[in-house]
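Chemist: Pasting a structure here, questions to come.
The values are calculated or read from the model by the stated rules, or taken from the named source; none is laboratory data. This one's a predicted model, so the numbers in the text were calculated from it and none came from an experiment. Here Cβ is always computed from backbone atoms with ideal geometry, including for glycine, and neighbour counts include all displayed protein chains.
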Ligand code: SAH
Ligand code: SF4
Ligand code: F3S
């Protein structure tokens, strides 16, 4: 379309936030919006915000400040540039955003993206539009599916939201307030989406949800299905080589899902299983509803089902009342599990959550010190985990062109990036690769088998 309007969507949050950004762009395509890589010259900029920690939430206001300048410039040139705020900050403090930031035209909560075309039309007429209600209709049904070319552009590995929201109410977390109650999409709708992705060249699908293993979507007959059953169904979709899911809660790790890890070769042996803390006192204060021992038992059951399984996790240090001993318990849990990687966070008080009101906040210097110690331990474990692959032959899903000419980059089952000399025709296939060395953030390897030799010689490697 020669005179299509341009929309730029910027994601600040988790994978579900990124998924939503794509679906917003897909929904606006039939309304005549083409996706732009940056805000320059865009007719509409959507900031898809994250509220999980203070730093994430603050980014929104500095970004709006930058966009305001562009908006004023556009107005001088006689163009209209609309600014929309979406996502979890919009959901939590939509009215506050409108009050604080006059440049914002439109605020859309995390469950209302399907209403965007109509909201934008109103905003374009000069109305300030805000919609942060939790609607009765299903936003997934109302959102447009991406076109085949769009899917292909987004790559070999795709994310699909299967579950949204959270009923767990950990005392530190905003998600139950910004995403609402847990809902699951029906099995066959997900299977259709995955089949469409596979048809457009996607080979790896990660099922996402705030508590993805609490999944209980309806199966073909209307009965609730487990995540294990969903995975078994999706493993049958032609073209799908790899399945993953994230993020899991330890309490929702049922026997069926554990069995799926033993049964399904498509299900990758890498599980993100947040624990947050290794101290029972703190786990109780966090309202995690599991103990240290329960978590360790879940890890052991998963490893028994699939011995090559590796784990990553999320940790919060400096939760209110966390003592030096509690923190040592976290370090010892990390030692006991042995992680392939983890995300570590200093506790950030979030307005409206119960933990923010606890008097006994840990001093910032102490939080930072604990964060560094934990990060150093995890970095060591991660390095050891990666180093152990050197000399092994590993199945790699080749995803795209690498750093050097003739090089492709792919992923191991454990999401490690691997650089390998290989012809572009192999993109989208799983090939055996002999890992030869370990760089800072990536592994290097050679195609295992006869085809590799002339190629490597040609590329001068
Ligand atoms: N549903 C997932 C993850 C939710 S948010 C779970 O149950 O674990 C992702 C991560 O952000 C959390 O696992 C937690 O480690 C971190 N996080 C959430 N709220 C936080 C806060 N107030 N301060 C610091 N980290 C936080
Ligand atoms: Fe937040 Fe806890 Fe729900 Fe995870 S389980 S989204 S940490 S409330
Ligand atoms: Fe952030 Fe919302 Fe995701 S708060 S982490 S974007 S669910």
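Chemist: Does residue 404 satisfy the criteria of being modelled with pLDDT of 95 or more, in a loop (DSSP other than H, G, I, E, B), surrounded by fewer than 19 Cβ atoms within 10 Å (Cβ to Cβ) and not assigned by the TED database to the domain that holds residue 244?
Modeler: Working: modelled with pLDDT of 95 or more: no; in a loop (DSSP other than H, G, I, E, B): yes; surrounded by fewer than 19 Cβ atoms within 10 Å (Cβ to Cβ): yes; not assigned by the TED database to the domain that holds residue 244: yes.
No, not satisfied.
Chemist: Moving to a separate point now. Which of the residues that make up segment 1-47 are closer than 20 Å to residue 94 by Cβ and within 16 Å of ligand 1 (Cβ to nearest atom)?
Modeler: 11, 12, 13, 14, 16, 17, 20 - these are the residues of segment 1-47 that are closer than 20 Å to residue 94 by Cβ and within 16 Å of ligand 1 (Cβ to nearest atom).
Chemist: With the requirement that a residue be more than 16 Å from ligand 2 (Cβ to nearest atom), assigned to a helix (DSSP H, G or I) and surrounded by fewer than 21 Cβ atoms within 10 Å (Cβ to Cβ), what does segment 39-63 give you?
Modeler: Of everything in segment 39-63, those that are more than 16 Å from ligand 2 (Cβ to nearest atom), assigned to a helix (DSSP H, G or I) and surrounded by fewer than 21 Cβ atoms within 10 Å (Cβ to Cβ) turn out to be 55, 58, 59, 61, 62, 63.
Chemist: Among (1) buried (at least 19 other Cβ atoms within 10 Å of the Cβ); (2) modelled with pLDDT of 95 or more; (3) not assigned by the TED database to the domain that holds residue 321, which single condition is residue 429 missing?
Modeler: All conditions pass for residue 429, except number (1).
Chemist: Before we move on, is residue 160 assigned to a strand (DSSP E or B), in the same structural domain as residue 50 (by the TED database) and either under 26 Å from residue 51 (Cα atoms) or in contact with a strand residue (DSSP E or B) (Cβ under 7 Å, 6 or more places away or on another chain) (or both)?
Modeler: no
Chemist: Ok, one more. Name the residue that is farthest from residue 128 (Cα to Cα), counting only residues in segment 80-100 that are at pLDDT below 95 and out of contact with any strand residue (DSSP E or B) (no Cβ under 8 Å at 6 or more places or on another chain).
Modeler: If we take residues in segment 80-100 being at pLDDT below 95 and out of contact with any strand residue (DSSP E or B) (no Cβ under 8 Å at 6 or more places or on another chain), then 92 is farthest from residue 128 (Cα to Cα).
Chemist: Something else: Going residue by residue through segment 350-360, is there one that turns out to be assigned by the TED database to the domain that holds residue 232, away from ligand 2 (no atom under 15 Å from the Cβ), at pLDDT 95 or above and in contact with a helix residue (DSSP H, G or I) (Cβ under 9 Å, 6 or more places away or on another chain)?
Modeler: Scanning segment 350-360, I find no residue that is assigned by the TED database to the domain that holds residue 232, away from ligand 2 (no atom under 15 Å from the Cβ), at pLDDT 95 or above and in contact with a helix residue (DSSP H, G or I) (Cβ under 9 Å, 6 or more places away or on another chain), so the answer is no.
Chemist: With (1) within 16 Å of ligand 1 (Cβ to nearest atom); (2) under 19 Å from the mean Cα position of the chain (by Cα); (3) modelled with pLDDT of 95 or more as the list, and residue 243 as the residue in question, which single condition is left unmet?
Modeler: (1)
Chemist: Shifting gears a bit: Filter segment 231-253 for residues that are free of Cβ contacts under 8 Å to residues at least 40 places away in the same chain and in a helix (DSSP H, G or I); which is farthest from ligand 2 (Cβ to nearest atom)?
Modeler: Top of the filtered list is 232.
Chemist: Now a separate question. Can you report the number of residues in segment 88-137 which are under 24 Å from residue 62 (Cβ atoms) and not in a helix (DSSP H, G or I)?
Modeler: Summing the residues that are under 24 Å from residue 62 (Cβ atoms) and not in a helix (DSSP H, G or I) in segment 88-137 gives 14.
Chemist: Then there is this: Exactly one condition in (1) more than 13 Å from ligand 2 (Cβ to nearest atom); (2) under 29 Å from residue 392 (Cα atoms) is not met by residue 278; state its number.
Modeler: That leaves (2) as the condition not met.
Chemist: Please go through segment 169-180 and give me each residue that is more than 11 Å from ligand 2 (Cβ to nearest atom) and without any contact (Cβ under 8 Å) to a residue 24 or more places away in the chain, ordered by number.
Modeler: none
Chemist: Can you tell me how many residues in segment 331-346 are within 16 Å of ligand 2 (Cβ to nearest atom) and within 18 Å of residue 292 (Cβ to Cβ)?
Modeler: 2
Chemist: Then there's this: For segment 259-314, which positions are part of a loop (DSSP other than H, G, I, E, B) and within 16 Å of ligand 3 (Cβ to nearest atom)? First the steps, then the outcome.
Modeler: So the first thing to find is which residues in segment 259-314 are part of a loop (DSSP other than H, G, I, E, B), and the list is 264-266, 268-269, 273-275, 277-279, 286-291, 306-309.
Selection gives 274 alone.
Chemist: Across segment 167-186, what is the number of residues that are touching a helix residue (DSSP H, G or I) at 6+ places or on another chain (Cβ under 7 Å) and farther than 17 Å from residue 274 by Cβ?
Modeler: Here the count works out to 3.
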